[in-house]
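Since every read-out is calculated from the coordinates, none of them should be taken as a lab result. Predicted model, so just to flag it, every value in this text is computed and none were measured. Ideal geometry is used to build each Cβ from the backbone, glycine not excepted, and the neighbour counts take in all protein chains shown.
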Amino acid sequence: VAHTMTDNHHDNEAVQKLSPKLYSDIAADMRSKIEVKDRKYRLHSYKKCFLGKDAVKYLIAEGFAESVEDATDLGNQLS
């Protein structure tokens, strides 16, 4: 996945400027790198899901976000 952010500051405005193709590429890459499995949390079962903290770590490690806040904003844009 090519990183196309033009500057080092990734704020909400920058996140909103990403192309739909880049959103799609990020989501596809995330699917291959983040563990998706059935989970249990507070007496509920959730099928085929991932942890948000894993998505945040991925987005920062891959250079799509510089902070937890930016990664969370981008993750929310992807959903």
>> Pull out all pairs, ordered by first then second residue, where Cβ-Cβ is under 7 Å, the residues are six or more apart or on different chains, the first lies in region 30-53 and is under 22 Å from Leu74 (Cβ atoms), and the second is among the hydroxyl-bearing types (Ser, Thr, Tyr).
In response: Met30/Tyr58; Lys33/Tyr58; Ile34/Tyr58
> Do you know which residues across region 34-77 are outside any strand (DSSP E or B), more than 25 Å from Leu18 (Cα to Cα) and among the basic types (Lys, Arg)?
Replying inline: Arg42
